[in-house]
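S.K.: Here it is: the structure, laid out below.
The values are calculated or read from the model by the stated rules, or taken from the named source; none is laboratory data. Keep in mind the model is a prediction, meaning the values are calculated, not measured. Here the Cβ positions follow ideal geometry from the backbone for every residue, glycine too, while neighbour counts run over all protein chains shown. Just the protein is used for accessible areas: all its heavy atoms, side chains included, with ligands, DNA and RNA removed. Shrake-Rupley method; radii C 1.70, N 1.55, O 1.52, S 1.80 Å.
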Amino acid sequence: MRDFPEEPPEIFNHCISVGDAKFILQDKIMPTNFLTKEGYEKLQEELKHLQTVKRQEVAERLHEAMEGGELIENAEYEAAKNEQAFVEGRIQELDHLLATAQIIEDNGKSKKHDVISVGAKVTIKEGNFEAETFTIVGA
């Protein structure tokens with residue numbers, strides 16, 4: 001059995017006891033995800049598509065595979081279950097990304113060419129390749 005300190009370390013917010021057991025609970029601060037407005041909208045569209053169209057398609061595939069008889073050796077059923085897990089995982093990931101998103105925009109206030117910060121647009125040209133422009137959204 002693990003010994004817990006009388007006073008929880010500073011990183012923990014709560015220490016509770018239930019009977020002889022002690023539980024240390026930590027409040028987690030979700031990190032901010034910097035996104036451009038276009039990136040945010042693209043993720044919203046993907047989430048909507050997954051929640052409506054893709055979920056329905058996978059549900060239909062599962063239903064058809066289940067009607068096919070024996071599930072133990074049914075490759076179509078296994079493939080549909082795997083796809084369902086992927087879709088649900090991606091939905092959770094997008095929910096989290098969008099819930100913690102901060103929209104950034106290049107407001108043009110900083111005209112310094114030697115400083116790059118979140119929201120800045122950077123154009124890179126290497127050799128004979130075409131110039132590419134990137135928006136800085138995080139580290």
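S.K.: Checking Ala59 against (1) of a type outside the set (Val, Ile, Thr); (2) open to solvent by 80 Å² or more (accessible area, probe 1.4 Å); (3) modelled with pLDDT of 85 or more; (4) more than 16 Å from Leu94 (Cβ to Cβ): exactly one of these is not met. Which one?
M.R.: Every condition holds for Ala59 apart from (2).
S.K.: Considering Glu73, Glu67, Glu105, which residue is open to solvent by 70 Å² or more (accessible area, probe 1.4 Å), over 29 Å from Asn33 (Cβ atoms) and modelled with pLDDT under 75?
M.R.: Among Glu73, Glu67, Glu105, only Glu73 is open to solvent by 70 Å² or more (accessible area, probe 1.4 Å), over 29 Å from Asn33 (Cβ atoms) and modelled with pLDDT under 75.
S.K.: Only one residue in Lys125, Lys111 is modelled with pLDDT under 85, out of contact with any Leu (no Cβ under 7 Å at 6 or more places or on another chain) and among the charged types (D, E, K, R), so which one is that?
M.R.: That would be Lys111, the only listed residue that is modelled with pLDDT under 85, out of contact with any Leu (no Cβ under 7 Å at 6 or more places or on another chain) and among the charged types (D, E, K, R).
S.K.: For the stretch 87-102, which positions are more than 11 Å from Thr32 (Cβ to Cβ), within 9 Å of the chain's Cα centre (by Cα) and surrounded by 12 or more Cβ atoms within 10 Å (Cβ to Cβ)?
M.R.: Of everything in the stretch 87-102, those that are more than 11 Å from Thr32 (Cβ to Cβ), within 9 Å of the chain's Cα centre (by Cα) and surrounded by 12 or more Cβ atoms within 10 Å (Cβ to Cβ) turn out to be Arg90, Ile91, Glu93, Leu94, Asp95, His96, Leu98.
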